[in-house]
Amino acid sequence: MTAVQEPRTSTFDDNDQKPVGFGRMLRKEDPRLLRGRGRFTDDVQLPGMLHLAILRSPFAHARVVSVDTSAAEAAPGIRAVVTGAKLAELGLAWMPTLSNDVQAVLATDKVRFQGQEVAFVVADDRYSARDALELIDVEYEVLDPVIDVRQALAPGAPLIRDDLDGKTDNHCFDWETGDADATAAVFARADVVVQQDIVYPRVHPAPMETCGAVADFDAVEGKLKLWSTTQAPHAHRTLYAIVAGLPEHKIQVIAPDIGGGFGNKVPIYPGYVCAIVGSIVTGKPVKWMEDRSENLISTGFARDYIMRGEIAATRDGKILAIRTNVLADHGAFNGTAAPVKYPAGFFGVFTGSYDLEAAYCSMTAVYTNKAPGGVAYACSFRITEAVYLVERIVDCLAAELEMDPAELRLKNFIQPDQFPYETKTGWVYDSGNYEPTMRQAMDIAGYAQLRAEQAEKRSRGELMGIGISFFTEAVGAGPRKNMDILGLGMADGCELRVHPTGKAVVRLSVKTQGQGHETTFAQIVAEEIGIPPADIEVVHGDTDQTPFGLGTYGSRSTPVSGAAAALVARKVRDKAQIIASAMLEVTVADLEWVKGSFQVKGDPGKSVTIQQIAMRAHGAGDLPEGIEGGLEAQICYNPSNLTYPHGAYICVVDIDPGTAQVKVRRFIAVDDCGTRINPMIIEGQVHGGLTDGVGMALMEMIAFDEDGNCLGASLMDYLIPTALEVPDWETGYTVTPSPHHPIGAKGVGESATVGSPPAIVNAVVDALKPYGVRHADMPLTPSRVWDAMRGRATPPI
Amino acid sequence: MQVTMIVNDAEVTREIEGRLLLVHFLRDVLGLTGTHWGCDTSNCGTCVVWLDGEPVKSCTVLAAMAGGHEVRTVEGLAKGAELDPIQEGFMQCHGLQCGFCTPGMMMTCRALLDKNPDPTDAEIREAISGQICRCTGYSTIVRSVRWASVHEAAAAQTEGAQA
C-alpha cells in the first residue's frame, strides 16, 4: 500500500503518453464523437421507419374509465393506436420490474403517478404522432393521491396497489440489518448520543440524452432487433424474452452510443416495450424517443429516503455505534435496480469508514403516487444515501463534542492492519488505508490555514464553511453466490481474439455511456499481452456480438468486466507461451514474459513477439502437441467479493449573508480506486461526480405538490449545475490495490457522486454555525439556507 | 413550404412543414445527426448550431426562419481530415465523455474564440453557461478551450514568422 501525491499542475505536453497498458492515453472513441459521427439511438434511421408517441396521465391517482381512440385513429398519417386494453389482450399490459414487482406498460385499471403511460400512437413522423395524442379522449375518475410519504401507512390512506392480490395498504417491504439488541446495549452505556433526522430528497439522473428505442421486428425471420438506450443490453434481452415470450436467440439488443446513463438507463421502461409492440403490429421499424419532461416525470428517479440517524460515542470522541431508521419512498411500482437479496441496495454500508462496536438499521418502504424507479444516479445501489447519513451524523457528533471533524474521523478510521475488515452489518471491506488519503486532502486544501481564515472571517461576520466527508464504497456487484438480478447472476463474460497479424478484438458484456471503455479495456488487454491499445478493437453494446453479462452500473465495469478482460488476456498469454516454447525450441519453464514478447531466460537475444506468435498460431506448420490453432480465449468472471474504493473530500463554501446564496469556492477530492488504468479518465469520472454532488446538495430536487403534480418536470424547474455553479476541481489520489481483483483495480465511476454531497452540506452547516444551525436538508437553495439562518429549517418533503 | 439555406457551405432546398424546428430539419431531413436534442425548453444547449456565425439553440428556431441564412453544424467544423483546434483541444484535454453535449459545446466555444482568441477561464465559463454537460464537470472543457486558444496563438505566430 503506497500513497502517491499526484502532480497538481497539468501541462498540455503529456496528454497522450501512448502507454502499452496503463497510463494517460487519449480516448479511442473521441474522433467520431468530435466530428458529429457518433451514433446515438435517435440517430438510427431505417427505411420505412415510423414514430411512436406516448399519452401520459395528467393525474397522480385516477381510475381509467374509458379510452376513446377513434378520432386519433382517423387522423392523417396514423398507423396504430394502442391502449392498455389492447395490450391486455396480448398479455403485455404488465411487465416485471427489476425488483420482482410488476409495473403497468399501459394503464388498464388505474393510473398511479402523473406521467404514467396510458396509450401510444404510431405515425409516419414525430409531429403527427404528437398531434394524434391530443385526439385521444380518456375519461378519468380522479382518486385521492398518496403524496406525503409519512402518510402512506396512515389508517385510511388511499390504496395504491389494488392490482396486487390481498393488498390492503401501501406497505412495500421491511428490511433490517445489523444487531438491534447489541446496538441498543451500546447506546445505553454511551457517554454521548446524537440524533438527527436527515432527508435525502428525490432527484433525477437526467442524462443529456433521454431514453428511447428503435424496434425492428422481422416477422419472416421472427427476429427482433432493438436499438435502445440501455446500460445492460444482455439483461434487457433476457427480460424481453421472458416478458414478450420471444425466443432469446431471436432478439438482438443493440446499445449504440449512449448520451450519459447515471443509472437512468438500467431499467426497462414501458416505452421500450411499446416500441416493440408498435413494430410487431405495424410490421415496420418504430422509433420512440421521450422528451425531457417525459424523462423527468416517468423514468427512474433516485434517493427519496427519510432517515433518522443516531450515533453513540465516548466523551473523548470514540465512535461506538450507529443506528438508523429509514422510510423509503418507492413510488407507484417498486422498480429499484438492486440485487434481489438487497432490497435497500447496499445501504448496509452506512457504518462508513469507522471501526464500530455495533450497528443497526431498520427500514420500511412504501408505495406512493409518484414515478417508480429507485435507480442508481451514480449511487452504486443506495451507497449515496448511506454515506450521506454517516458523514452527516458524524459531523453532528463533532459539533456536539466540539471536536474538529477531521480529527474525529482520523480518530475512528478502520486501521490498515484490520483489513479485510468485516463491518457490523456483514460487509467485508477488501482493503483500505484511510489516513494517508485524508492527510493528502487536508494538505492540498491547506486545512489549518482554511480554519484560520474562517476564524478571521467569522469575526467580521462573513460566512465561510469547510466541510469534510470520507467515504468507503462497495462496488462491483457481485459474487453470484449472493447477488443476482431477477435470477441472473452478476457475472460478466469476455472474449479475446488475436488475429494473425497480431491485432486483436476484445468483446465485452458491459457498455460505456461515456466512461471510455473502448479505451480503458484496450489498455487492460494491452497491459497483459503487450499489444498496443491502438491495435485492439473493443466491441460492446450488441448482444449478437458479445458474451453474456449484466452490464454497466454500480461502478461494476472495472471491478467485474475489467477483471474478465485481464484474465482472458492471461489465458491467451498462457497459450502464446506454449507456442513460443515450440518456436524457440525450449521448455515453457525456460521462458519469461517481457511485455509484448517471450524471451529465453538469461538469453534476451532469443525471443518472439506476441505478433510473431499470433502469426504462428494461425500459420502453416505443426503446433505443439495438444495445442489447437488460433490465439483466442473466453471467460466468465464471477467476482469473489466487491471492491471497496475510498476517498477524502473537502469543500469550502462562502455564503452571502444578504441573499443566502451558497458559492462553492473550492473542492478537493482525493480518491483511492486501487490500480489506476487511465488517470485522465479517472479524473474525468471524479469531476463529473463532484458536479452531480453540487447539483444534489444545492439545486436538484424532484418535488410534488399535494395533488401529485411533479414540480421538476423540465430543465427550467429541475436545476442542473452549469459551468458557473461549480469551481475548478482539485484532485489527488492514493493507491490501495484490491487484493482479489486481478489487476488490483476498484470501481471509481460513482465515488464522487457518493462522497461529495455530505462534504458540501457539511460545509454549509459549518458556515452557518454562528446561527446555531446543526443540520439543514438538501437542496440548500438560497431560500432553504435563509430559513435555516432564521431557525426555520424544515425538511424539503 | 419551400426553404433554402446554406448548410456547411452547401445550398439546400427542401419542402417542409412551417412548424418544423431547425434541429429536426438538420437531423431528420438532412441527416446531420451530429446536432443533438436534449430538452424542450432551450436550457441544455445540445442543439447549438451557428446561424450566420452566431450560436443559436436550434430547438428554438424554426427551419423556415433559417431560410436565406447560413447554418453551420459540428459536421462543418473540421477541414477534411484536419480537426479544428477546438475539436483537437476537446480530445487532448478530455473535454468530452459521452459526447452528447459536445457538438453544441464546441460550436459555442469556437464562436467564443473567434471573437475573443485569449479568453479567461471566467469568460469561458460564462460563454458555456447556457449549456449543460452532465459528465465532465466543466473543468476539462475550460482546459480544452484554453488548449485551442494557446495552440491557435502559437500557430498564428509560426505563420507570421514564415510570412
Output the number of residues of region A:445-474 satisfying the condition of being of a type in the set (Asp, Glu), out of contact with any His (no Cβ under 9 Å at 6 or more places or on another chain) and part of a loop (DSSP other than H, G, I, E, B). 1
Is region A:331-352 home to any residue that is more than 14 Å from chain B (Cβ to nearest Cβ), surrounded by fewer than 24 Cβ atoms within 10 Å (Cβ to Cβ) and in contact with a Lys or Arg (Cβ under 6 Å, 6 or more places away or on another chain)? no
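If you check A:GLU407 against the conditions, is it modelled with pLDDT of 95 or more, assigned to a helix (DSSP H, G or I), within 30 Å of A:PRO339 (Cα to Cα) and acidic (Asp, Glu)? Give the steps one after another, and end with the answer.
Details: modelled with pLDDT of 95 or more: yes; assigned to a helix (DSSP H, G or I): yes; within 30 Å of A:PRO339 (Cα to Cα): no; acidic (Asp, Glu): yes.
Spelling it out, it is not the case that A:GLU407 is modelled with pLDDT of 95 or more, assigned to a helix (DSSP H, G or I), within 30 Å of A:PRO339 (Cα to Cα) and acidic (Asp, Glu).
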Output yes when any residue across region B:117-128 is small (Gly, Ala, Ser), out of contact with any Asp or Glu (no Cβ under 8 Å at 6 or more places or on another chain) and in contact (Cβ under 8 Å) with a residue 40 or more places away in the chain, and no when none is. no
A careful count of residues in region A:86-104 that are touching a strand residue (DSSP E or B) at 6+ places or on another chain (Cβ under 7 Å) and either among the hydrophobic types (A, V, I, L, M, F, W, C) or closer than 14 Å to A:GLY278 by Cα (or both) gives 6
Quick test for you: out of A:ALA344, A:ALA386, A:ALA359, pick the one residue that is under 18 Å from the mean Cα position of the chain (by Cα) and outside any loop (DSSP other than H, G, I, E, B). A:ALA386
Extreme residue, farthest from the other protein chains (Cβ to nearest Cβ), among residues of region B:122-163 that are touching a Gly at 6+ places or on another chain (Cβ under 6 Å), small (Gly, Ala, Ser) and in a loop (DSSP other than H, G, I, E, B): B:GLY130
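Does B:GLU17 satisfy the condition of being more than 13 Å from every other protein chain (Cβ to nearest Cβ) and out of contact with any strand residue (DSSP E or B) (no Cβ under 9 Å at 6 or more places or on another chain)?
Answer is no for this residue.
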If you go through region B:25-55, how many residues are in a helix (DSSP H, G or I), surrounded by fewer than 21 Cβ atoms within 10 Å (Cβ to Cβ) and out of contact with any strand residue (DSSP E or B) (no Cβ under 8 Å at 6 or more places or on another chain)? 1
Restricting the search to region B:86-121, which residues are of a type in the set (Phe, Trp, Tyr) and outside any helix (DSSP H, G or I)? B:PHE100
Residues located in region A:45-74, provided they are in contact with a Ser or Thr (Cβ under 9 Å, 6 or more places away or on another chain) and among the β-branched types (Val, Ile, Thr): A:ILE54, A:VAL64, A:VAL67, A:THR69
Test set (1) in contact (Cβ under 8 Å) with a residue 40 or more places away in the chain; (2) in a loop (DSSP other than H, G, I, E, B); (3) crowded, with 17+ Cβ neighbours inside 10 Å; (4) within 14 Å of chain B (Cβ to nearest Cβ) - A:PRO76 fails condition number: (3)
Test each condition in (1) in a loop (DSSP other than H, G, I, E, B); (2) closer than 30 Å to B:GLY137 by Cα for B:GLY18 and report the one that comes out false. (2)
Which count do you get for residues in region A:281-292 that are over 30 Å from A:GLU221 (Cβ atoms) and assigned to a helix (DSSP H, G or I)? 1
Looking at (1) over 15 Å from A:ALA206 (Cα atoms); (2) in contact (Cβ under 8 Å) with a residue 24 or more places away in the chain, which is the one condition that is false for A:ALA723? (2)
Residues of region A:105-138 satisfying the condition of being of a type outside the set (A, V, I, L, M, F, W, C), in contact with a strand residue (DSSP E or B) (Cβ under 6 Å, 6 or more places away or on another chain) and not in a loop (DSSP other than H, G, I, E, B): A:LYS110, A:GLU117, A:ARG126, A:ARG130, A:ASP137
Residues of region A:293-344 being under 19 Å from A:ALA474 (Cβ atoms) and without any contact (Cβ under 8 Å) to a residue 60 or more places away in the chain, which ones? A:VAL326
Going through (1) under 26 Å from B:VAL145 (Cα atoms); (2) in contact (Cβ under 8 Å) with a residue 24 or more places away in the chain; (3) hydroxyl-bearing (Ser, Thr, Tyr) one by one, B:THR4 fails only at (1)
Check A:VAL4 against each of (1) at pLDDT 95 or above; (2) away from chain B (no Cβ under 13 Å); (3) within 29 Å of the chain's Cα centre (by Cα) and name the one condition it does not meet. (1)
Residues of region B:34-71 satisfying the condition of being within 11 Å of chain A (Cβ to nearest Cβ) and without any contact (Cβ under 8 Å) to a residue 24 or more places away in the chain: B:TRP37, B:CYS39, B:ASP40, B:THR41, B:SER42
Please work out which one of (1) at pLDDT below 95; (2) within 30 Å of A:LEU719 (Cα to Cα) is the condition A:GLU294 fails and give its number. (1)
Identify the single condition in (1) closer than 29 Å to A:VAL475 by Cβ; (2) in contact with a Lys or Arg (Cβ under 6 Å, 6 or more places away or on another chain); (3) more than 9 Å from chain B (Cβ to nearest Cβ) that A:MET680 does not satisfy, given that it satisfies every other one. (3)
Taking region A:475-498 on its own, how many of its residues are over 16 Å from the mean Cα position of the chain (by Cα), crowded, with 19+ Cβ neighbours inside 10 Å and part of a loop (DSSP other than H, G, I, E, B)? 2
Residue check for B:LEU77: within 12 Å of chain A (Cβ to nearest Cβ) and within 24 Å of B:LEU30 (Cβ to Cβ): yes
Heads up, the strands (runs of 3 or more DSSP E) in region A:600-711 (entirely inside) with at least 1 residues that are within 30 Å of A:PRO737 (Cβ to Cβ) and among the aliphatic types (A, V, I, L, M) are A:632-637, A:646-655, A:662-672
Every listed condition ((1) free of Cβ contacts under 8 Å to residues at least 12 places away in the same chain; (2) crowded, with 18+ Cβ neighbours inside 10 Å) holds for A:GLN151 save (2)
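Condition check ((1) among the polar types (S, T, N, Q); (2) in a loop (DSSP other than H, G, I, E, B); (3) in contact with a Leu (Cβ under 8 Å, 6 or more places away or on another chain)) across all residues:
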site: A:HIS249; (1), (2), (3): no, no, no
site: A:PHE262; (1), (2), (3): no, yes, no
site: A:ALA275; (1), (2), (3): no, no, yes
site: A:SER279; (1), (2), (3): yes, no, yes
site: A:GLU294; (1), (2), (3): no, no, no
site: A:ASP304; (1), (2), (3): no, no, no
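The values are calculated or read from the model by the stated rules, or taken from the named source; none is laboratory data. Quantities reported herein were computed from a predicted structural model and do not represent experimental measurements. All Cβ positions, even for glycine, are placed from backbone atoms using ideal geometry, and neighbour counts span all protein chains on display.
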